[in-house]
Amino acid sequence: MKKTDDRFDLPQGTLDLLIMRVVAFGPIHGYAIAQRIQQISRDALQVQQGSLYPALHRLEYKKLLSSRWKPSETGREAKFYELTSKGRTHLTVETENWTRLTDLVSLILEGTLEGI
Amino acid sequence: MGWLRRLFFRERLEADLDKELRFHFESQVADKVRSGIPESEARRLTRIEFGGIEQIKEDCRERRGTMGLESLLQDVRYALRQLRKSPGFTLTAVLTLALGIGATTAIFTLVQQVMLQSLPVNRPDQLWRIGDQPHCCDWAGYSQDSDGEAGNWSLFSWEAYKLFRANTPGLQALAALQAGNMPLGVRPSGSSGPPDKANGQYVSGNFFQTLGVSAWRGRLFVDADDLEGAPPVAVMSFHAWQEKYGSDPSVVGSAYQINGRAFTIIGVAPAGFVGAKMTSWGLPDIWMPLATEPLMLGKTARIKNTRTDWLDLIGRLRPGTNPKALQVHLQGELQGWLASHLADMSPQEEAVWQKQTLRLSPGGAGFSILRRDYSESLLLLMFTACCVLLVACANIANLLLARGLKNQRQTAVRVALGASRRRLVRNALLESVTLSLIGGAAGVAVAWAGARLILYLAFHMLERSTWIPVQATPSTLVLLFALGVAVLTGVIFGIAPAWMTSHAEPVEAMRGANREVGGGRHWAQKALVIAQAAVSLVLLSAAAMLGGSLQNLEHQNFGFDPDGRYLASIGSPMLANYKQEQLVPLYRQIQDRLSALPRVRNVSAATYAPMAGNQWGHDIRVQGKPEPGPKDDVSADWTRITPGFFDTIGARMLAGRAINEDDNANARHVAVINQAFARKFFENQNPVGRHFGPASVGNAGTYEIVGVVQNIHYVTWGFRDPARAMYYIPQAQTVQFDQPDLQSDELWSQNLYNIVIWAPEHPANMLMQVKKVLSEVDPNLVMYDVQSYSRVIQGTFDQQNMIASLTWLFGAVGLVLAAVGLYGVTAYGVEQRRSEIGVRMALGADRGSVVAMVLREAFWQVSIGLGIGIPAASGTGYLMTSQLFGVTPWNPLLLAGTAVLLGSAALVTAVIPARKAASTDPMQALRSE
């Protein structure tokens, strides 16, 4: 398998956040989630099936996502995921947390030596 | 419930999961095709990108949360399938486990009932006993010093009981029960048959109420029944009612003759209630109020005697009472009571009365003599049973390891296909636990049979009819115990194989093909064999030590000759309404009639005979010696005998003469002492002609010593202790003592409970003839037993016999298991090294050297096992010193013997695979490479 330098591993827990963000736009199946993440990140993030599906099942088990079978754009039946209300709250909170964390981390990383 | 749905719609979920992933796969392929890649290439690429689909599925299942339960069921099914597939292995393992778990559970059945159970009464936790010593049955005097410990009171007089009961606000109720037992002859009023023997116990009127027990039928005692002059009533135990009276409801309310006195049976105690005292020598069949004691015993009654302590006290605490505070309060009452008897005290008692004290102890389990007698032995048995279980565990671990090796490739494939290691380990553990649960279930059956066997060995082997309330049927707690042991053993013997599995390297296994891999397993197997050898040695040497000890006990010199002697035990003639003055003629008649039997050489009677389970003792004073200090031991045992006793029992006179026909009511009072008495009170002086008597000093001139007899062992304990001082007085002489307790003993001792018959030719129907003669003399005499004296002695060591037999049994099982283990490992090793051996033989090794090579290895393991086992065995010996008689824990001869036994067993088991190895055909072995 070829490995490109501009792809990198996601930190723990980030994948859940990305998935929920993508699902927040409306009911969507697993394959489309992977595609959408890849698209938005301009191919920098490629979600492996081996990580995607266990994550989806975990989120569903935690009742952050719900699922429904319905025909996809190609006509085949696919499993569509949706955010539950619990999931929506969770996403808001986690997004805030994430923003605060990254702000703080970059504040420290970008600070000049004099500032310390 | 989501998880429930998920559990039950597992197949649907599986299908969904599969469909979902396939959709992803197909979409990806479709995308690739759309971008111009030919379909077959697109599929190949997608498959590579996807990786292991099964692994993804497994991950998803795990995330779904029902993984635990769902896959558990799956794995159990898998484990059962595996076990079914190898019935030989399963059967061996289950049998081994059933033996191991069964042995442990059988012992636990007894441990639970003897040591852990509470009385079947209301709120046993509120019951407290006054006193903490297991004393029985009578104690005379105002001090209870024993073994150098300042008076710690455990037995009480009736007067003290009344006082405590009236003045202790911390107790809701305080009950008293006789510490000993009262042999009874019972028959329905108006019937003329011989009386049934029964075991009686005096209890206070509030006894049943205090314990919170209500009647099965009729009613139980109330305080009004326990008043002087109240109509005599009695309560029957459920067991006696069922066994002796066939649960006849008309028993309640009927009149009975108990020892010739008219009693009414007013009720039956509930099933399972056997009183507050657990003993191995008989539980009460009949309870009588304390107030009926004078009716039964007349002048010898103890109830009014303040010097005689004969009651156990058990009380129910008022909620919120602090036992410590109550103890202090009762100590004060005891002191107060003693102070009121200062005038009656001997100088020795006066010196120590202020040091007398008492302690409370939890009474919920009753006064368990059984517990005291058996707890050490039971713990020892528990230990040996656990050893057997350990050996069994090692065996099964070995079997599993060997099987794991065989299944190595399968395991490797499963790892390669994406089975998580956690799941594999769990699988292995689950399989062993499933196995041990099946073994445990079979073990419960073994335990039931085993407990029955032990009870039989312990209590019924010698035709002893004593009933004890211990059952072989497992209780809930026992079943839980078996379950716990099964799971624990499953985990213990499953750990090694599971660990090995978790380290399975798929690549290595695939590559290894036919070659031997995983040397680590070999090492583990050998370690297990070594452990087995060591534990077996411990078991065998423990068995040998206990067996040797039993031999020593049974064949020690008791100071008399049991050969050709018979012991008959009868109930008290006084209780059968004989008058004092009729006793001497009665025994004369018995003696004459028995002597007239063919081939009987001599007959003699005694208050109690050696090893008959009795002992009477008191302090004495020797004429012409200064008054002893409070710490001096001046006690001596005594018994009454008829002329010719020493000849009859086979004991030698050392000086002077024996008691003869001339020692009658008209002659001076004489006594024969034993050697220990002479040494204790007269050191090197000649005792013949000197005088002594029971304390106090006023009686010092009572008996004149006319002879010294060799020491005879009378009591059924203390075989390691020096001989006890003892004196013998003639049946025909009665002394008038001023002290009421001495006078009571003086009269009571004239009931000669034991008759010794000497028939050196061992006539065949001796026992029947003796019974017949005795019932001809008087059908009203209660006959207890006729036994040969060697049987009596054997019976004394029933318990030791049981322990030794069981330890031998456990040792044998352990040895067989260890041998099987060694065989398995050796045979397996030979199988693994077949090609190596083939090469060796092709290169010129002969059969002999191949055999030697295999044996060497087996012997290495056994030798290391012995190296560990020998110190462990003698360590165990030190731990059980209290159980040993005449056997030292460090016993090189015995250890060497057991080591040789183990070694030969190992040799036999290792020779079989060694010969098989030697018969390897080099060509064949190499070809199969």
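Regarding the protein assembly as shown, what's the average projected area of the Cα-atom convex hull, expressed in nm²?
About 65.3 nm², averaged over all directions.
Over region B:572-781, what is the relative contact order in percent, taking alpha-carbon pairs closer than 8 angstrom and at least six residues apart?
32 percent
Filter the trypsin sites (Lys or Arg not before Pro) in region B:663-742 to those in DSSP coil with at most 15 other Cβ atoms within 10 Å of their Cβ, and list the result.
Here the trypsin sites (Lys or Arg not before Pro) that fit, given the DSSP loop and packing criteria, are B:Arg668, B:Arg720.
Round to the nearest 10 and give me the degree value, 0 to 90, for the angle of helix A:85-110's Cα axis relative to the longest principal axis of chain A.
The angle comes out near 30 degrees.
Filter the chymotrypsin sites (Phe, Trp or Tyr not before Pro) in region B:642-730 to those in DSSP coil with at most 13 other Cβ atoms within 10 Å of their Cβ, and list the result.
Here the chymotrypsin sites (Phe, Trp or Tyr not before Pro) that fit, given the DSSP loop and packing criteria, are B:Trp717.
Give me the net charge for the shell around B:Ala804: Cβ to Cβ below 15 angstrom, other residues only, Lys and Arg +1, Asp and Glu -1.
Combined, the nearby Lys, Arg, Asp and Glu give -3.
Express as a percent, rounded to the nearest 5, the fraction of DSSP beta bridges in region B:572-781 (both residues included) that run antiparallel.
65 percent
Can you give the relative contact order of chain B as a percent, counting alpha carbon pairs under 8 Å and 6+ residues apart? Spell out each step's value before the answer.
On the way: 1602 pairs, mean separation 139.8, N = 929.
Contact order relative to length: 15 percent.
Ignoring solvent entirely, what values of log10 I(q)/I(0) come out of the Debye formula for region B:286-427 at 0.19 Å⁻¹ when each Cα is a single scatterer?
With no solvent term, the Cα-only Debye profile gives -1.25.
What does the charge count near B:Ala700 come to, summing +1 for each Lys or Arg and -1 for each Asp or Glu among other residues with Cβ under 14 Å from its Cβ?
-1
List, in the order given, every pair from A:Lys62/B:Lys32; A:Lys79/B:Lys32; B:Lys19/B:Lys406; B:Lys19/B:Lys85; B:Lys85/B:Lys916; B:Lys277/B:Lys680 whose Cα-Cα distance in the structure shown is over 25 Å.
A:Lys62/B:Lys32; B:Lys19/B:Lys406; B:Lys19/B:Lys85; B:Lys85/B:Lys916; B:Lys277/B:Lys680, as the Cα separations exceed 25 Å there.
What shape does chain B take by its C-alpha gyration tensor, where a ≥ b ≥ c are the square roots of the eigenvalues and a/c under 1.5 counts as rounded, a/b above b/c as prolate, and the rest as oblate?
Note, shape of chain B comes out prolate.
Give me the inter-chain shielding for B:22-29: mean count of other chain Cβ atoms within 10 Å, whole number please.
Details: counts 1, 9, 11, 2, 4, 11, 4, 0.
Mean shielding count: 5.
Just to be sure I understand the model, the point goes 7 Å from the Cα along the line to the Cβ. What's the resulting B:Val413 to B:Gln55 distance in nm?
It works out to 2.0 nm between the two label points.
Is the C-alpha gyration tensor of region B:312-378 telling us rounded, prolate or oblate? Criteria: a/c under 1.5 is rounded; beyond that, a/b larger than b/c is prolate, otherwise oblate. Numbers along the way, then the final one.
Values: a/c = 3.10, a/b = 1.46, b/c = 2.12.
The shape class here is oblate.
Looking at region A:25-79, which trypsin sites (Lys or Arg not before Pro) are in a loop (DSSP not H, G, I, E or B) and have at most 13 other Cβ atoms within 10 Å?
Here the trypsin sites (Lys or Arg not before Pro) that fit, given the DSSP loop and packing criteria, are A:Arg42, A:Lys63.
Report, to the nearest 10°, how far helix B:67-85 tilts away from the longest principal axis of the Cα atoms in chain B, using its own Cα long axis and a range of 0 to 90°.
90 degrees
Specify the angular offset, from 0 to 90 degrees and rounded to the nearest 10, of the alpha carbon long axis of helix B:766-777 from the longest principal axis of the alpha carbons in chain B.
The answer is roughly 40 degrees.
Near B:Gln209, within a Cβ-to-Cβ distance under 14 Å, what is the net charge of the other residues, with Lys and Arg +1 and Asp and Glu -1?
With Lys, Arg at +1 and Asp, Glu at -1, the neighbours total +1.
Quick one: grab the alpha carbon gyration tensor of region B:783-903, order the square roots of its eigenvalues as a ≥ b ≥ c, and give me rounded if a/c is under 1.5, else prolate or oblate depending on whether a/b is larger than b/c.
prolate
With the calculation restricted to Cα positions, what are the radius of gyration and Dmax of region B:124-364 in angstrom?
For region B:124-364, the Cα radius of gyration and maximum Cα-Cα distance read 18.4, 56 Å.
Enumerate the calculated ³J(HN,Hα) couplings along region B:651-657 in order (Karplus 6.51 cos²θ - 1.76 cosθ + 1.60, θ = phi - 60°), each rounded to whole Hz, writing x wherever the residue is Gly or Pro.
Going residue by residue, I get 10, 9, 7, 9, 7, x, 10 Hz, with x marking Gly and Pro.
For B:Gly559, enumerate residues with amide H under 5 Å from its amide H, sequence gap 5+ or separate chain, H modeled in the peptide plane.
Amide H to amide H, under 5 Å and 5 or more residues apart or across chains, B:Gly559 pairs with B:His713.
Can you tell me which lysines have their Cα less than 24 Å from the Cα of B:Lys772? Leave out same-chain residues fewer than eight positions away.
Candidates past the 8-residue exclusion: B:Lys197, B:Lys244, B:Lys579.
Lone cysteines in chain B, defined as no other cysteine's Cβ under 4.7 Å from theirs: which are they?
Within chain B, the cysteines lacking a partner Cβ under 4.7 Å are B:Cys60, B:Cys386, B:Cys387, B:Cys393.
Taking each pair of different alpha-carbon atoms in region A:14-110 once, compute 1/r for the pair, average those values, and report the inverse of that mean as the Kirkwood hydrodynamic radius in Å to one decimal.
On the way: mean 1/r = 0.0701 Å⁻¹.
Computed over Cα pairs of region A:14-110, the Kirkwood hydrodynamic radius comes out at 14.3 Å.
What Kirkwood hydrodynamic radius do you get for region B:572-781 when you take the inverse of the mean 1/r over all pairs of distinct Cα atoms, in Å? Let's see the in-between values first.
Working: mean 1/r = 0.0557 Å⁻¹.
Kirkwood radius, region B:572-781: 18.0 Å.
Check B:Val670: other-chain or 5+ apart residues with amide H under 5 Å from its amide H, H built from backbone geometry?
Here B:Glu704 satisfy the definition.
The numbers here are math on the coordinates, done by the rules we state, and not lab data. Predicted model only: the values in this text are computed from it and were never measured. Don't worry about glycine lacking a Cβ; one is built from the backbone with ideal geometry, like all the others, and counts go over all protein chains shown.
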